[in-house]
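This report refers to the structure that appears directly beneath it.
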Amino acid sequence: MKFFLAASNIYQRNDAKYYREYDFSNIVDPNTPSTNPFTGLDDTLNLFYPAATNVNNGSNTFQVQGNLTWNFNPFTIKVNVNHRWNENRTGVNWQNLNRSNSAGLNQNYTFIGSLKFTQVINPKAFYDVIFNHFNDYNVTMDPIFQHNIALYGDSLANAEYGRTLRRDGEYLSNIRAFGLTFERSDRPFNNYTKTKYQSYGGKINFLYQLDKVHELKTGGELTSYNIRNYSLAPVQLADNIRSIADGDMIGVYDRLDNYGYDTFGNELNDGVNGPKKPIFAAYYIQDKMEFSDLVLNLGFRLDYIDTDSKTFSDPSNVKFDADGIIDPTSMVEVDPTLQLSPRLGFSFPVTDQTVFHAQYGKFIQQSQLRNIYLGFNRTSDIVKGGFAELNPVGYGLKPERTTQYEIGFKQQLGENFAFDITAFYKDIKDQIQLRSIYADPTAAHKQYYALVNGDFATTRGFEFKFDLRRTQRLAASINYTYSDAQGSGSTPTEAGRAVWQSPTATPYFPQQIAPLTFNQAHTGAINLDYRFADDDGPELFGSKFLQNFGANLLFTFNSGHNYTQFDGFGNTRVPNEALNSSVTPWNFQLDAKIDKSFSIGSLNLNVYLWVINVLDIQNVVGVFGTSGDPIDDGYLSS
């Protein structure tokens, strides 16, 4: 039996971000009334934000992990466990420094465990069975009232801690000075969000060497999830607090996003607001055939995806009950997705130093579950409200599908040099995009925003890799990739408010192919490593003092990413060029590391000095679309 155990506790007083000093003393906004209607006095701001780090943003993390391995030849059992607990404060910036004591409290608990059983049947075959469990709980809340959300907007309860509410459920207005907004010291933290993710799953894999030619692999996996979410919009915690005490939340908490929890935050296991229970399963089979002049990999993967979600039977005419909540009968279950994906790869030597290789495969991936899950109340509010909801979800979203091709060859030059050139092409369909859903003239709601399948993208390019085996103490590698990513949308919500809707009964959504915002045409790295081996190097005082000493240089570079230049600010922005026609500047970085290894008895030590960004280059990672400048957006000069 072998075991491993490690534990750590990391306390961080503040995060490692730097903030400049702000000094706001005796500031009164000349454009506001001379007296405050509630105090009868002028609002005067006196605030000093010290230079250094974000105030009240500390964290404390405890983690323990370990494994046990029992070898009962011919089978082995291995247990893995990882537990992590974290508590941190959300911190405050200079605009809400006055209420640093009310900075949000975040707690997170994560547990991961697995059990693996492996048996060697004979020298040609073995199998393994894996069971796993995942549990993650996260909550963000007020540091004083914590889980007691009924007190968040209670004026009497807040008064006990020096917090003043104008009246039940309404906060004092913020201080405004010279167009800036500063929060008052007595404003409480008014947000409560918690999520809980659990999963149970298993895998089985089997390998059998049939003969000298065929190696068979097959297996499957199944994972079942239980997902809960509870999120209250900030204003909701202060609204009509008496309805909480009376137990009546209908209508008051339209913007409450809850599933797996009831209206008051208690766990709920069934009904329209029950937890989401998706199931993901897959089966695969692969045959690796090794002939004298050809290696062929042929396989198939069958994916089963059940998201446990609902969609509207008629998205343009959603029905509501008397309380303004969506009628459950107007929604239908989303059918599970089943896809068979072929995978093919082969390589064969053209000469004794040249190898040709190629791959083809189809892949499927479900969109992020946060893009399809939303509480019933929140869904009702979005559909009937007709608001410009820029972060909605999708109803009945299909998985994203990818077809990928790859072809290349590897060439060896002499004993120490080799290079590999590979061309690739990837076609992605059914990506999600933000759209406005047309409302039928007879519907009890307006048009609303939702995510739908519709975007697509293609990525093509080639990769070049050059390797030098260690020769005369020097090893080197060069990597370069050229790629071109084009598509109809870079992110699901990239269109934002620019969602077209025709004046007729048929929606019209113009599309065009353009470079994607994450497109990076050129990327590469050059790595040089010079190293002395054991008993190597010059001798001094009878000792080869440079043995096991080395130096490494890593030079990385990449071209910029695409963006669109525009005129105007805020909602008045108007593009002045074709989509993503401009490109940010190139980035370069040189890192250096020197190290030496020592042996002291049975103890091995390695001492190193590592310098990141040796040349102290300030790389531009983003620019303002109005000016193309990384620092000045041009607002003050417009």
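Observations on the structure shown:
- Selection of the stretch 453-475 for residues being in a strand (DSSP E or B), more than 25 Å from the chain's Cα centre (by Cα) and not polar (S, T, N, Q) yields Gly461, Phe462, Glu463, Phe464, Lys465, Phe466, Asp467, Leu468, Arg469, Arg470, Leu474, Ala475.
The rows are residues; the columns are (1) open to solvent by 20 Å² or more (accessible area, probe 1.4 Å); (2) more than 30 Å from Ser316 (Cβ to Cβ).
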residue	(1), (2)
His357	yes, yes
Tyr373	no, no
Asn391	yes, no
Lys410	yes, yes
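- The stretch 5-51, residues that are modelled with pLDDT under 70, under 30 Å from Trp85 (Cα atoms) and assigned to a strand (DSSP E or B): none
- Checking each residue in the stretch 53-82 for being within 22 Å of Phe117 (Cβ to Cβ), out of contact with any Gly (no Cβ under 8 Å at 6 or more places or on another chain) and open to solvent by less than 50 Å² (accessible area, probe 1.4 Å) picks out Gly66, Asn67, Thr69, Thr76, Ile77.
- Unique residue being in a loop (DSSP other than H, G, I, E, B), touching a residue at least 12 places away in the same chain (Cβ under 8 Å), farther than 21 Å from Asn606 by Cα and out of contact with any Leu (no Cβ under 6 Å at 6 or more places or on another chain) when the list is Asn580, Asn562: Asn580
- Looking across the stretch 101-144, the residues that are without any contact (Cβ under 8 Å) to a residue 40 or more places away in the chain and closer than 23 Å to Val55 by Cβ come down to Asn106, Gln107, Asn108.
- Per the listing Gly271, Gly299, the residue uniquely within 31 Å of the chain's Cα centre (by Cα), in a loop (DSSP other than H, G, I, E, B) and either modelled with pLDDT of 95 or more or at positive phi (or both) is Gly271.
- Within the stretch 506-524, the set of residues being part of a loop (DSSP other than H, G, I, E, B), open to solvent by less than 90 Å² (accessible area, probe 1.4 Å) and modelled with pLDDT of 70 or more comprises Leu516, Thr517, Asn519, Ala521.
- Close Cβ contacts (under 6 Å, 6 or more residues apart or on different chains) running from residues in the stretch 293-311 that are open to solvent by less than 60 Å² (accessible area, probe 1.4 Å) to residues that are charged (D, E, K, R) comprise Asn297/Lys288; Gly299/Arg343; Asp308/Lys276; Asp308/Lys277.
- One residue stands out among those in the stretch 585-638 that are small (Gly, Ala, Ser) and exposed (fewer than 11 other Cβ atoms within 10 Å of the Cβ): the one that is nearest to Asn552 (Cα to Cα), which is Ser599.
- Checking the stated criteria, Ala578 turns out not to satisfy the condition of being aliphatic (A, V, I, L, M), farther than 17 Å from Leu468 by Cα and crowded, with 16+ Cβ neighbours inside 10 Å.
- Residue match in the stretch 94-116 (condition: open to solvent by 30 Å² or more (accessible area, probe 1.4 Å), out of contact with any strand residue (DSSP E or B) (no Cβ under 6 Å at 6 or more places or on another chain) and part of a strand (DSSP E or B)): no
- Test: residue in the stretch 374-381 that is part of a strand (DSSP E or B) and in contact with a Gly (Cβ under 8 Å, 6 or more places away or on another chain): no
- Those residues of the stretch 469-492 which are open to solvent by 30 Å² or more (accessible area, probe 1.4 Å) and more than 22 Å from Ala514 (Cα to Cα), in sequence order: Arg469, Arg470, Thr471, Gln472, Arg473, Leu474, Ile478, Asn479, Tyr480
- Looking across the stretch 526-548, the residues that are more than 12 Å from Lys596 (Cα to Cα) and polar (S, T, N, Q) come down to Asn527, Ser543.
- Within the stretch 289-296, not a single residue is closer than 30 Å to Thr442 by Cβ, not small (Gly, Ala, Ser) and not in a strand (DSSP E or B).
The values are calculated or read from the model by the stated rules, or taken from the named source; none is laboratory data. Every value quoted in this text rests on a predicted model; they were computed, and no experiment measured them. Ideal geometry is used to build each Cβ from the backbone, glycine not excepted, and the neighbour counts take in all protein chains shown. Areas reflect the complete protein model, heavy atoms only, side chains present, ligands, DNA and RNA absent. Shrake-Rupley method; radii C 1.70, N 1.55, O 1.52, S 1.80 Å.
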